[in-house]
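Data first, discussion second: the structure below is written as structure tokens.
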Amino acid sequence: MSAAKMNVRVTDVVEVNDLVKRFRFERTDGELMPTFSGGAHTVVEMDDNGTRRLNPYSLMSSPTDRSAYTISVRRDDEGRGGSLFLHNHVKAGMEMVISNPVNLFSLDLRGRKHVMIAGGIGITPFLSQIKQLSAANQGNFELHYAVRTPALGSYVDELTSQFPNNVHVYYDDQNQAIDVEGLLSGQPLGTHIYVCGPKGMIDWVLAQATAAGWPENCIHYEEFLAPEPGKPFDVELAVSGKTIHVSEKQSLLEAIEEAGVDAPYLCRGGACGMCETNVIKSDGEFVHNDHWLEEEEHKSGKKIMPCVSRFVGKTLVLDR
Amino acid sequence: MGIEFKKETFRGDYTFSNSPEAMKRFPFPFDKDSYMYAVNMEPHTPVREGSVYYNSFDVDEHYVSEMADRAMVLDEDPLRCQSLPHMELHGWDLLELIMVEKAKDYPDLFQLTRDGDKWHWVNKPLGIDDKFTFMDASTLPYGPMEYITRQTQGDFCVLDQREDNLWMDAGMVTTQADWSLDFDIGMNFFEWHAPVPLAHEKGIFVRALKFLLNIQQGAPARRLNWTMTVNPLLDTSPENYHKWGIQKTTLTPENVGKKQHLRVELQTFFRLPRSNGLVFPIRCYLACLEDITKFPKWGRRLHRVIRDLPEELATYKGFIDNRPMILEYLSQFDDGAETSPGVWPED
């Protein structure tokens, strides 16, 4: 089971700054886009010169605007190629396939106040969440947004002019930093914190909040892991009776799909749990990179999340 | 469609009955001659035109009378419908889902016209014609969830999704198999299922929750559940146990065929797009043993299932004391012949 797909046309590509481009998608059948909730993402399918890439991107448009979806993509020159493909090859007029929205980072609607902490391109899920909150007049939010330089601050101008009292921007090149400790100490009861950004930032905020005694269920974060490259390895798929090779820059899930085996997935970033796969036999070391399995499960050698995790060793047989 | 809506009661004189056409589409829940809990979920996609699995929300001959019964239950006990403060958005999601689907599936009965947030809803069987502003609860006579579920058969559990769990934070529950929304409101998935025997040990709820958390927009799922009810009672709630519990003692070998009903729940699961919650409609179908056993395959199979059901389950489902009498009645329809796989009566 994976999210249903839609055929879309790219109707606009806008360079937001040196690193970020914005893409707008409309359905080719002229129908409306499905409604979604703030924080949802879509999985964009790409045919990158024969390599199939499926990458999740947060929807940044208003959840109530059903005419189109928009995403913003930061170019990652060191990455495996999905963002480079979008930046270099995707032009207005092209047809693509994207998934129905999936939300792994939704607002806790019980929150009396929402404190959002964003780093760089981690701003995107907050853009739709802020639109959802302001449309429903539940505008009690605060955004703390760290960017490298004014030139690289995506959507800073829009946000500060629309929500001058709610948005706080911090520039790295001016040595400004979010005072997480101070921020967390002054919040009223019923406040929820949301973090999206680089791993270091998420870990820092989680550690600070935990140390300050914040309840776990009031802290929310989203981090899409890109599959890490690694040494190539071979895998036996017991159910389909195939042996596959996972190359250096490919994820295990991608290699399974390339072999024509239908495997379930949703986020492709180690978060949702959908692609969880049973290990039948193994002789070697797992490289677990997901947020989904419990530590015990990682140690057990009985389960793997093929979207982000890898294997080093002699034999790996999967129940797939 | 040309559904002829019956005027009937589910209390007092119990004039409820199924027409032969309704029996042909009864969701008999057993696909083999034995029963044990399983997650048994499948995609809620149309199966066999005319069956209860064909439309998103099935409307049948009992619609108008079931809605009248719901109104009576709510008059006596308003707490059968509750929605915690953060659940209004979920209510709008549900209202939209039901209106859009019913207007699409039953255009002669329900009509929805939308001009931006100005909506016009016509429900012909219930004689409702309302104009309102979407997302503005002050323009409806009830909150959005209550408004639409007073017009839709089945109970509705409206669930909030957070902390990798589901929370029973709103619902309309008037046709339930002995559980209470007022008791369960605010509970999570494991808490509200705590009384179910055997299934926890089998790890069923852990797997079921994982499945439900991943239900996607536009890709609903369904499963069946069942129990036994004496008399065609929709409202078998704990709140009214003093009224219906005692009726279980009125069963005799002479009346068991007419009085003992198989109660089947068609449970469906839909992702709610704006709130990222889930709605879990539980639609109740009742049929007396006499009507079920008119289908030879169903008669044979029901006898075997009830006979071999573990004692814990017969106790939990509330018919352990009447089981011998039910079996005595059903045994006359079981000649020992083989039954074909699957739920359909004629296959």
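The values are calculated or read from the model by the stated rules, or taken from the named source; none is laboratory data. Note that this is a predicted model, so its numbers are computed, not measured. Glycine also receives a Cβ, built like all others from the backbone with ideal geometry; neighbour counts cover every protein chain displayed. Each accessible area value is taken on the protein alone, full model and side chains, heavy atoms only, with ligands, DNA and RNA left out. Shrake-Rupley method; radii C 1.70, N 1.55, O 1.52, S 1.80 Å.
Every residue, every condition in (1) part of a loop (DSSP other than H, G, I, E, B); (2) at pLDDT 95 or above; (3) open to solvent by less than 10 Å² (accessible area, probe 1.4 Å); (4) in contact with a strand residue (DSSP E or B) (Cβ under 9 Å, 6 or more places away or on another chain), yes or no:
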{"site": "B:P141", "(1), (2), (3), (4)": "yes, yes, no, yes"}
{"site": "B:E146", "(1), (2), (3), (4)": "no, yes, no, yes"}
{"site": "B:T152", "(1), (2), (3), (4)": "yes, yes, yes, yes"}
{"site": "B:V158", "(1), (2), (3), (4)": "no, yes, yes, yes"}
{"site": "B:W167", "(1), (2), (3), (4)": "no, yes, no, yes"}
{"site": "B:A170", "(1), (2), (3), (4)": "no, yes, yes, yes"}
{"site": "B:W179", "(1), (2), (3), (4)": "yes, no, no, no"}
{"site": "B:D182", "(1), (2), (3), (4)": "no, yes, no, yes"}
{"site": "B:P195", "(1), (2), (3), (4)": "yes, no, no, no"}
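A residue that is at pLDDT 95 or above and either polar (S, T, N, Q) or surrounded by fewer than 17 Cβ atoms within 10 Å (Cβ to Cβ) (or both) occurs nowhere in the stretch B:87-96. The set of residues in the stretch B:297-318 being modelled with pLDDT of 95 or more and open to solvent by 80 Å² or more (accessible area, probe 1.4 Å) consists of B:R307, B:D308.
The residue that is farthest from A:R27 (Cα to Cα), among those in the stretch A:57-85 that are within 14 Å of another protein chain (Cβ to nearest Cβ) and in contact with a His (Cβ under 7 Å, 6 or more places away or on another chain), is A:S58. Any residue in the stretch A:261-274 that is farther than 29 Å from A:P198 by Cα and part of a loop (DSSP other than H, G, I, E, B)? Yes: the stretch A:261-274 contains one or more residues that are farther than 29 Å from A:P198 by Cα and part of a loop (DSSP other than H, G, I, E, B).
Determine, yes or no, whether B:S180 is under 24 Å from the mean Cα position of the chain (by Cα) and not basic (K, R). Yes; evaluated as a whole, the condition is true for this residue.
For the criterion of being closer than 18 Å to B:I282 by Cβ and assigned to a loop (DSSP other than H, G, I, E, B), B:L224 fails. Scanning the stretch B:198-212 for residues that are open to solvent by 30 Å² or more (accessible area, probe 1.4 Å), on the phi < 0 side of the Ramachandran plot and in a loop (DSSP other than H, G, I, E, B) gives B:H200, B:E201, B:K202. Being surrounded by fewer than 19 Cβ atoms within 10 Å (Cβ to Cβ) and out of contact with any helix residue (DSSP H, G or I) (no Cβ under 8 Å at 6 or more places or on another chain) is not true of B:E290.
Annotation: of all residues in the stretch A:94-108 being among the aliphatic types (A, V, I, L, M) and not in a loop (DSSP other than H, G, I, E, B), the one that is farthest from the other protein chains (Cβ to nearest Cβ) is A:M96. Which residue pairs have Cβ atoms closer than 6 Å, lie 6 or more positions apart in sequence or on different chains, and pair a first residue in the stretch A:257-278 that is more than 10 Å from every other protein chain (Cβ to nearest Cβ) and on the phi < 0 side of the Ramachandran plot with a second residue that is among the polar types (S, T, N, Q) and surrounded by 20 or more Cβ atoms within 10 Å (Cβ to Cβ)? Going by the 6 Å Cβ cut-off, the qualifying pairs are A:Y265/A:S2. Considering only the stretch B:319-345, state which residues are open to solvent by less than 50 Å² (accessible area, probe 1.4 Å), closer than 18 Å to B:P29 by Cβ and not aliphatic (A, V, I, L, M). Listed by number, the residues that qualify are B:F319, B:R323, B:D334, B:T339, B:S340, B:G342, B:P345.
Checking each residue of the stretch B:106-128 against the condition of being part of a helix (DSSP H, G or I) and open to solvent by 10 Å² or more (accessible area, probe 1.4 Å) gives no match. Of all positions in the stretch B:153-161, at least one carries a residue that is under 24 Å from the mean Cα position of the chain (by Cα) and over 30 Å from A:C272 (Cβ atoms).
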